[in-house]
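In what follows, a structure is listed as structure tokens, so that the remarks can point back to it.
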Amino acid sequence: MPSLKEKTFTILLVEDNGGDVEMFLRTVEDELPRREDEDVELVIAARAEGGLKILQERRIDLVISDVRLPGMSGIELLQRIQAMDRRIPVIMVSWVDTVDIAVEAMRCGAFDYITKPFEKLDLAARIHRAMRISEILYRYEPDRRTEAPPVADFVGVSPAFQNVLAMIEAAAQVHSTALIIGETGTGKELIARAIHERSEQRNGPFQVVDCTTFTEGTADSELFGHVRGAFTGAVADKLGLIEHGVGGTVFLDEIGDLPLALQTKLLRVLEVGEVRAVGSVQSKKVSARFIAATNQELTEKVKRNEFRKDLFFRLNVMAIRVPPLRERTEDIPLIARHFIARYTKEFGKYVDNLHPSAVTELVAYPWPGNVRELRNVIERAVMLCKGDRISRNDVLGLLQFTDPGQGLQEDYLSLPYAKAKEKVLEEFSRRYIKAKLDHHQGNVTHAANEAGLPRSYFHEIMRRYLKDRDEV
Ligand SMILES: Nc1ncnc2c1ncn2[C@@H]1O[C@H](COP(=O)(O)OP(=O)(O)OP(=O)(O)O)[C@@H](O)[C@H]1O
């Protein structure tokens with residue numbers, strides 16, 4: 001009987017294992033959240049070749065494929081789908097022991113990666129997320145997705161990172177001001193550039209305005225320009241930084257540091273699209289896309305009357321939060337490898353990879369400087385590395401470890417009590433678990449015994465805090 005629902009969301013499952021197919025069917029049936037007007041249909045193919053045929057014949061909104069299939073592999077299928085229609089998210093499935101394949105799959109553009117044996121709720125949550133992203137991609141990119149360039153030099157596999165990628169796609173399709181929020185070194189500028197490169201303004205300039213550099217006297221003229229004679233020394237008309245971005249994107253970096261007087265003027269620019277140069281009586285129309293970034297909580301600044309509330313609301317229309325690296329530790333090995341590839345090329349050295357114990361150190365480190373700090377550490381590690389693999393010792397000497405808790409001191413004292421406690425506890429758990437595991441050469445049972453914790457609970461903490469360890 002045909003469905004009475006308004007929309008049918010079709011998932012293609014490419015899986016040759018009957019038991020797993022059964023599990024997917026049950027998960028979709030029992031656990032998958034769906035809207036009232038929506039029906040979910042699961043179409044099944046046992047081989048990649050069959051899956052491709054279905055994809056050519058009908059609209060598929062999401063593909064879930066096993067990595068290992070008889071005949072064509074799941075990775076090849078993924079690549080074919082990418083060439084066919086990049087809007088379709090592909091979730092790859094495999095057994096726990098194939099981390100390299102997971103990395104490869106994400107590199108090839110997989111939306112997510114699930115390991116067997118499945119946990120039904122987790123599976124349903126991941127499918128649901130992919131469904132919603134698929135909808136956004138179809139809505140915003142009717143036909144162009146096959147040509148959309150990948151976000152250059154921007155890598156990550158974590159769900160948090162995938163969310164950021166989806167937000168970049170969405171932000172690129174609209175003209176409203178975007179606000180990127182994240183700690184230093186998390187990639188805010190890279191994200192702003194990615195939005196610009198995928199937006200309608202991509203052929204125009206990308207003008208960076210560093211709001212930390214303005215001094216009282218010169219700020220106005222730097223931002224909005226001046227006319228000849230406006231003040232002593234103004235011997236000719238000068239364009240302001242904003243006008244340099246006309247036809248393109250103006251990136252307002254560290255907007256939280258913009259002096260209050262300039263905030264008022266900026267708000268006018270955003271609201272009416274006009275600038276007035278210092279000394280001029282006339283306003284000029286400027287057409288540019290604005291993207292702002294901040295590493296401070298602007299709401300706190302608003303409360304302290306240091307940031308205009310109306311400007312905050314204006315900027316906050318489309319907010320993209322970039323989580324710090326310590327909250328997406330799955331990304332660390334991949335980003336590290338990305339930089340190894342970059343620096344081996346640059347230094348003309350042969351360094352193939354990271355030793356697993358080096359990965360463990362990188363994952364356990366809290367990265368206060370985020371991706372920028374990781375980049376610097378890998379750069380130096382490649383430079384110093386004597387063999388073909390970066391060892392634990394190579395990285396240990398480069399990480400700025402402090403005594404347990406000490407590195408957090410300046411950090412946590414500025415936070416509200418609950419957040420500060422959470423942060424200190426998280427750091428403690430990570431270090432404690434890591435020390436126990438190191439003491440027992442990675443033997444979880446022994447480490448849990450010594451910690452006086454049930455093995456399952458110990459394992460749960462490991463999953464949470466040491467996500468990349470081989471044992472997890
Ligand atoms: N996901 C990522 N993959 C690869 N490189 C990244 C990623 N995120 C950030 N980087 C790199 O990290 C460095 C810092 O990024 P970026 O300057 O964009 O950070 P930021 O948040 O703007 O920093 P700040 O707040 O200090 O201005 C750059 O070299 C950037 O290319």
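Every read-out reported here was derived from the displayed coordinates using simple, explicitly stated rules and does not represent laboratory data. Nothing here was measured: the structure is a model prediction, and the numbers come from that model. A quick note on method: Cβ atoms are made from the backbone with ideal geometry, for glycine too, and the neighbour counts reach across all protein chains shown.
Here are a few things to note about the model shown:
- Full-stretch length increase - E31, R464 - with 0.36 nm per residue and alpha-carbon distance subtracted: 153.6 nm
- Two-site label geometry, E346 and R202: point separation in nm, points 7 Å out along Cα→Cβ: 2.6 nm
- Each other residue within a Cβ distance under 11 Å of H196 adds +1 if Lys or Arg and -1 if Asp or Glu, for a net charge of +1.
- H439 paired with L121, simple spin-label distance in nm, labels 7 Å along Cα-to-beta-carbon: 3.2 nm
- Among C385, C108, C211, the order by Cβ neighbours within 10 angstrom, fewest to most, reads C108, C211, C385.
- Entries of K188/K309; K188/K301; K53/K188; K345/K436 with Cα pairs more than 29 Å apart: K53/K188; K345/K436
- Cut-off 11 Å between beta-carbons: net charge of the residues surrounding E29, Lys and Arg +1, Asp and Glu -1: 0
- Normalised by the number of residues in the chain, the average gap of Cα pairs under 8 Å and 6 or more apart makes the relative contact order 11 percent.
- 14 Å beta-carbon shell around L267, net charge (K/R +1, D/E -1): +3
- Residues in region 156-171 carry Karplus couplings, in order, of x, 10, 5, x, 4, 5, 4, 4, 4, 4, 5, 5, 4, 4, 5, 5 Hz; the curve used is 6.51 cos²θ - 1.76 cosθ + 1.60 with θ = phi - 60°, and Gly or Pro positions show x.
- For K349, the lysines whose Cα comes closer than 25 Å to its Cα, not counting residues fewer than 8 places off in the same chain, are K386.
- Each of T184, T177 was scored by other Cβ atoms within 10 Å of its Cβ. Listed from fewest to most, they are T184, T177.
- If R0 equals 25 Å, the separation of the Cβ atoms of R68 and H128 corresponds to a calculated FRET efficiency of about 0.50.
- Given R0 = 56 Å, the distance between the Cβ atoms of E76 and T212 translates into a calculated FRET efficiency of 0.70.
- Working from label points 7 Å from Cα in the Cα-to-Cβ sense, the S456 to L425 distance is 2.1 nm.
- Per-pair calculated FRET efficiency, R0 = 25 Å: A261 and F231 via Cβ, rounded to 0.05: 0.95
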